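K.L.:
A single structure is presented below for examination.
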Amino acid sequence: MIGKRKIVSLCLSTMQDVPCYELITSLNKSLTARGNSLFVYSTSSDMYWNEVEDVGETAVFDLIDYNITDAVIIFDRRIPNKKLVATIIERARDHRIPVVLLDGAGQGCINVNFDYEGDFEQVVRHVVEHHRPKSFHFMAGMRDNEFSDRRIAVFRRVLEEAGYPFDESMVSYGDFWYLPAQRATEELIRQKRVPGAIVCANDVMALSVISTLEQHGFSVPGDVIVTGFDGIDEIRYSTPTVTSCRCGYREMGERTIELLEDYFQGRIPTEGDYFVPSSPILAESCGCGSRKDINISEYLNKTTTRLQRVINDNLHLTQMAARINTSRTAAQIAAAMENHVIYDMCCLVKKECIDETVDPLLRCRRGEGEAKLCLLFDSDAPKPFLPRDFDGDDIAPDLEAILEQNVPLAFMSLCFHEIPFGYVCFHFTKGELDDYCGTSLIVSALNNGIGGFRNLRYQNYLTRQIEEMYKLDPLTGLYNRTGFMKVYQELVEELRDQGGCITVAMADLDGLKAINDGYGHNEGDNAIRTVAQALRQGCPEDAIATRFGGDEMFAVMKGIQDGASIRSRVESFLTAYNTSSGKPYRVSASMGICLATHRDDLDPERLMKEADKQMYQEKSQKKDK
């Protein structure tokens, strides 16, 4: 619960589809009337072919907070991945939360279903007993599909009870879709086996069968009776209208909340089977109905307007994704989203999305610690919006204010190459179908935009790392000759423009040959590395230090530097090293320091020679000692 509100979590896929939209609006209406709220967790795709356990889209179901959830509803037929369904049920049970399965059956669950067999039987019996055509054919769905096979069994049983013989040649498979049903009908026509009635397993196939028959000169219902099943909107506006049976998802939503209310009041247990009655639709395709008060032009206008909006939204979202892709900062991403007028939503991402050093294709293991979140965009916040850290205990900003609007909160995962990196929360104030239709487009655009942003930034980071590797001396970590010349040239140009002078210091390891001969080249490398560290410590932080070759190190500093102080710091570093290293040799270095102004010849070779002279004077003095 949140305050006094019970929270019901709905899990499904493709919430932009009409049946899902009808279910969501019905559940929300019934819940808010009782002072409660609906959270929806949905994927963009139907996941039909996906049995992979850890997929980016399904990470949305990991967002369910079972500590505030009072009931979980799973639209079972909309989540074909049964392993995923089982995981959600198990998590709910671990928290002693009731689970309602819609269009499914699960042990220990409240199962709410349509009586598909009984409702479908009503349609078949109407054709068989009322119209009594001479021959029949059945347009089934997919082979070995549970729903399709059950309807074939109903069709066969009703025919045989009425005295009609049945054989397998009376069944074609239209895969529940338009084109396969069209091909199957054309095959019947080619074989000259067009029957007196074609009973279809769903409305989409019925519309396809009717269209195909009429294109080949057959009359419906004059020559062939055609029926469907499901009761989709299109059958009301087709010519002819289609006899079918309506599965009411609004009624299913209302019945589900009634059952949950009974459960909370202790009137029913946490498991049981319940059915929602459907309504037969007798229409023109069987000769029993007539067109009644149907405004086809209004329907076409709505459909055209919706299509045009989808096209326009897709264009704008593609432009938004391109801007996000080339953004440099999180604030620029927010500005891109703001400029493309996205309403009633917020976008949260893992903070690592802003960290260019994190590989966007790195798959983190589930349960490997809580990711810190960044609120990347909030359409309800004052503009311009600036991204900020977000408390992971809350699932959306200003949650209580959103709940007061009595709108459902709909969550979808953000992912790139099936690796989740955040989520979007929609809270539509109007809650129209068009709003839900746009959710998958928005999520897809954000996936492409933010995913590309992360990829590009990580590639740039790797490029800089590679460049850094190639401009540094691997032994000492100082600039190599190539790296030094690049940054030195920039310093010279600044000096020419602004005037001033530079200090040049050169350090040379004493006795390198003796160390190599006596203790090996690894120890010689160690001595060179130690002098490089000493030079680095002796010079200011912004000094440009390089190893030009062998044991010669060279540093350039802005302005006039105190040579004595540099020497003193270098010697102090080496003294401390020799005291603690435990090496059988001492590391020491000779130095030469000189100055140059912007008016001098700033060729680095000349400056090295000048510092080299002083360094050799110091080295000679050491040899004399």
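The values are calculated or read from the model by the stated rules, or taken from the named source; none is laboratory data. Not measured: the values here are computed from a predicted model. Here Cβ is always computed from backbone atoms with ideal geometry, including for glycine, and neighbour counts include all displayed protein chains.
K.L.:
How about the stretch 486-568: which strands (runs of 3 or more DSSP E) wholly inside it have at least 1 residues that are modelled with pLDDT of 90 or more, touching a helix residue (DSSP H, G or I) at 6+ places or on another chain (Cβ under 6 Å) and over 26 Å from residue 600 (Cβ atoms)?
P.N.:
Filter on the stretch 486-568 gives 501-509.
K.L.:
Please indicate, with yes or no, whether at least one residue in the stretch 96-106 is within 30 Å of residue 265 (Cβ to Cβ), touching a strand residue (DSSP E or B) at 6+ places or on another chain (Cβ under 7 Å) and of a type in the set (D, E, K, R).
P.N.:
Yes: one or more hits.
K.L.:
Of the residues in the stretch 186-206, how many are exposed (fewer than 14 other Cβ atoms within 10 Å of the Cβ) and of a type outside the set (Lys, Arg)? First the steps, then the outcome.
P.N.:
Applying the first criterion (exposed (fewer than 14 other Cβ atoms within 10 Å of the Cβ)) to the stretch 186-206 yields 187, 190-193.
When the remaining residues are screened for being of a type outside the set (Lys, Arg), the result is 187, 191.
So the answer is 2.
K.L.:
What residue, of 119, 149, 144, is crowded, with 21+ Cβ neighbours inside 10 Å and under 30 Å from residue 13 (Cβ atoms)?
P.N.:
Working: 149 fails: crowded, with 21+ Cβ neighbours inside 10 Å; 144 fails: crowded, with 21+ Cβ neighbours inside 10 Å.
None of the other options fit; the residue is 119.
K.L.:
In the list 223, 230, which residue meets the criterion of being within 38 Å of the chain's Cα centre (by Cα) and either acidic (Asp, Glu) or surrounded by 22 or more Cβ atoms within 10 Å (Cβ to Cβ) (or both)? Explain how you work it out, then say what you get.
P.N.:
Numbers: 223 fails: within 38 Å of the chain's Cα centre (by Cα).
Among 223, 230, only 230 is within 38 Å of the chain's Cα centre (by Cα) and either acidic (Asp, Glu) or surrounded by 22 or more Cβ atoms within 10 Å (Cβ to Cβ) (or both).
K.L.:
Can I ask one more? Which one of these is closer than 22 Å to residue 42 by Cα, assigned to a helix (DSSP H, G or I) and in contact (Cβ under 8 Å) with a residue 12 or more places away in the chain: 86, 105, 92? Spell out the reasoning first.
P.N.:
Values: 86 fails: in contact (Cβ under 8 Å) with a residue 12 or more places away in the chain; 105 fails: assigned to a helix (DSSP H, G or I).
The unique qualifying residue is 92.
K.L.:
Another question about this same structure. Within the group 239, 227, which residue is farther than 22 Å from residue 119 by Cα and assigned by TED's automatic domain parsing to the domain that holds residue 285?
P.N.:
Of 239, 227, the one residue that is farther than 22 Å from residue 119 by Cα and assigned by TED's automatic domain parsing to the domain that holds residue 285 is 239.
K.L.:
Would you please name the residue that is nearest to residue 551 (Cα to Cα), looking only at residues in the stretch 461-518 that are without any contact (Cβ under 8 Å) to a residue 40 or more places away in the chain and β-branched (Val, Ile, Thr)?
P.N.:
Across the stretch 461-518, the extreme among qualifying residues is 482.
K.L.:
With respect to residue 31, is the statement that it is over 25 Å from the mean Cα position of the chain (by Cα) and in contact (Cβ under 8 Å) with a residue 40 or more places away in the chain true? Give the steps one after another, and end with the answer.
P.N.:
Details: over 25 Å from the mean Cα position of the chain (by Cα): yes; in contact (Cβ under 8 Å) with a residue 40 or more places away in the chain: yes.
Here the answer is yes, as residue 31 does meet what is asked.
K.L.:
Go through the residues of the stretch 495-508 one by one and say whether even a single one is out of contact with any strand residue (DSSP E or B) (no Cβ under 8 Å at 6 or more places or on another chain), over 30 Å from residue 344 (Cβ atoms), outside the structural domain of residue 47 (by TED's automatic domain parsing) and buried (at least 21 other Cβ atoms within 10 Å of the Cβ).
P.N.:
no
K.L.:
Report whether or not residue 566 is of a type in the set (Val, Ile, Thr) and more than 20 Å from residue 613 (Cβ to Cβ).
P.N.:
No; evaluated as a whole, the condition is false for this residue.
K.L.:
Specify the residue that is surrounded by the fewest Cβ atoms within 10 Å (Cβ to Cβ); the eligible residues are those in the stretch 251-286 that are over 30 Å from residue 222 (Cβ atoms) and of a type in the set (Val, Ile, Thr). I'd like the intermediate steps shown before the answer.
P.N.:
Initially, the stretch 251-286 is screened for residues over 30 Å from residue 222 (Cβ atoms), giving 251-277.
So of that shortlist, the ones also of a type in the set (Val, Ile, Thr) come out as 256-257, 268, 270, 276.
Working: 256: 25, 257: 23, 268: 17, 270: 15, 276: 21.
Here the answer is 270.
K.L.:
Filter the stretch 157-185 down to residues that are in contact with a strand residue (DSSP E or B) (Cβ under 8 Å, 6 or more places away or on another chain) and of a type outside the set (A, V, I, L, M, F, W, C) and give me whichever is surrounded by the fewest Cβ atoms within 10 Å (Cβ to Cβ).
P.N.:
164
K.L.:
Right, next: May I ask you to verify whether residue 165 is more than 18 Å from residue 223 (Cβ to Cβ), at pLDDT 95 or above and of a type outside the set (S, T, N, Q)? If you could, list the steps in order and put the result at the bottom.
P.N.:
Values: more than 18 Å from residue 223 (Cβ to Cβ): yes; at pLDDT 95 or above: no; of a type outside the set (S, T, N, Q): yes.
So residue 165 fails the test.
K.L.:
Can you pull out the residues in the stretch 140-169 that are over 20 Å from residue 118 (Cβ atoms) and within 47 Å of the chain's Cα centre (by Cα)?
P.N.:
Matches in the stretch 140-169: 142, 143, 144, 168, 169.
K.L.:
Suppose we filter 60, 99 for residues that are in contact with a Cys (Cβ under 8 Å, 6 or more places away or on another chain) and within 22 Å of residue 24 (Cβ to Cβ); which single one remains?
P.N.:
After applying the criteria, what remains is 99.
K.L.:
Inside the stretch 558-568, can you point out the residues that are surrounded by 18 or more Cβ atoms within 10 Å (Cβ to Cβ) and of a type outside the set (A, V, I, L, M, F, W, C)?
P.N.:
Selection gives 561, 567.
K.L.:
Being within 23 Å of residue 36 (Cα to Cα) and not aromatic (Phe, Trp, Tyr) is true for just one of 271, 284, 234. Which residue is that? Step through it out loud before you land on a result.
P.N.:
Details: 284 fails: within 23 Å of residue 36 (Cα to Cα); 234 fails: within 23 Å of residue 36 (Cα to Cα).
One residue alone meets the criteria, 271.
K.L.:
So residue 454 clears everything in (1) assigned to a strand (DSSP E or B); (2) touching a Cys at 6+ places or on another chain (Cβ under 7 Å) except one condition, right? Which one?
P.N.:
If we test residue 454 against (1) assigned to a strand (DSSP E or B); (2) touching a Cys at 6+ places or on another chain (Cβ under 7 Å), just (1) comes out false.
K.L.:
Quick check on my filter: what residues within the stretch 569-589 are touching a residue at least 12 places away in the same chain (Cβ under 8 Å) and loosely packed, with under 13 Cβ neighbours inside 10 Å?
P.N.:
584 - this is the single residue of the stretch 569-589 that is touching a residue at least 12 places away in the same chain (Cβ under 8 Å) and loosely packed, with under 13 Cβ neighbours inside 10 Å.
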